[in-house]
Amino acid sequence: MFFVGVPMKPKHNSRFNEEEFLETAFEKRSKQCSREREDHEREEPRRDGKVYEKGFCCAQCGYSVTTSREQSGVNNRNHCPRCLWSKHVDELKAGDRKAECKSRMQPLGLTLKQTPKRYNREAVGELMLIHRCTGCGKFSINRIAADDDASMIYQVFNRSMALTANWKERLKNEGIRLLGNTDLTVVYSQLFGWQSILGEFEPHGLSVDETNLIPFEPESEELEVE
């Protein structure tokens, strides 16, 4: 049945609404980014039945970090290769991911991995990063990855020499040997190689003037009670 003279209403508004279009496009892009991030951080099973993280987003600088062993050279990637900050995810051993703290961990300095001595000769271990949790205050020692920024590691080493005596004493009480001015040759050679250290330091001598360093206090997310 037809009604003469009664105009038919269109089903859709033919006018283009730019504001709605941009809002819809933004929502679609946000959902896509969320799916990509979830896929990047998803854990997948290994052949041995364990799981591994494909990557994570640095809580300090926002850098997208891959945990690929082929790129990092380590089994349990736990810090950013760009800013070197970590996250408190491991509780008892590297890779267990059982910590409930989940706070950021600040790189404080460098130490050497303890290695057994052979033939009564002192062996120099590999460089290790010292991290301290800004939430609970826990210290941890972590391996340096192959793709870590060597210049940033060197900056951490230089800054660590400005740590206050109180913090150096805390590290000592934890059984952690903080590398200092006398370890400059070891640090530079492991980061940049012996050829570079000969060209950089041999004519000038190895020394760092610690008297000009500004006292350095680690960050903390909670107020500490002495």
Efficiency by 1/(1 + (r/R0)^6): what FRET value for Thr164 and Lys113, r their Cβ-Cβ distance, R0 = 25 Å, to the nearest 0.05? 0.45
What is the calculated FRET efficiency for Lys138 to Lys172, with r their C-beta to C-beta distance and R₀ = 22 Å, to the nearest 0.05? 0.85
Ranking request for peptides 141-153, 60-72: highest mean number of other beta-carbon atoms within 10 Å first, then the rest in descending order. 141-153, 60-72
Hey, what's the Kirkwood Rh for the range 94-195 if you take every pair of different alpha carbons, in angstrom? 14.8
Please give the contour-minus-distance gain from Glu70 to Val124: 0.36 nm per residue of separation, less the Cα-Cα distance, rounded to one decimal in nm. 16.9 nm
Could you go through the range 182-193 in sequence order and give the Karplus-derived ³J(HN,Hα) for each residue, using 6.51 cos²θ - 1.76 cosθ + 1.60 with θ = phi - 60°, rounded to whole Hz, and x for Gly and Pro? 6, 9, 4, 4, 5, 4, 5, 5, 6, 7, 10, x
Obtain the nm distance between the two label points defined at Cys61 and Leu92 by a simple spin-label model: each point lies 7 Å from its Cα along the Cα-to-C-beta direction. 3.4
Taking 0.36 nm per residue of separation between Lys102 and Lys54 and subtracting their Cα-Cα distance, the length gained on full extension comes to 15.5 nm
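None of the figures in this text is laboratory data; all of them are computed from the coordinates on show. Note that this is a predicted model, so its numbers are computed, not measured. Note that we place each Cβ from the backbone using ideal geometry, even for glycine, and neighbour counts take in every protein chain shown.
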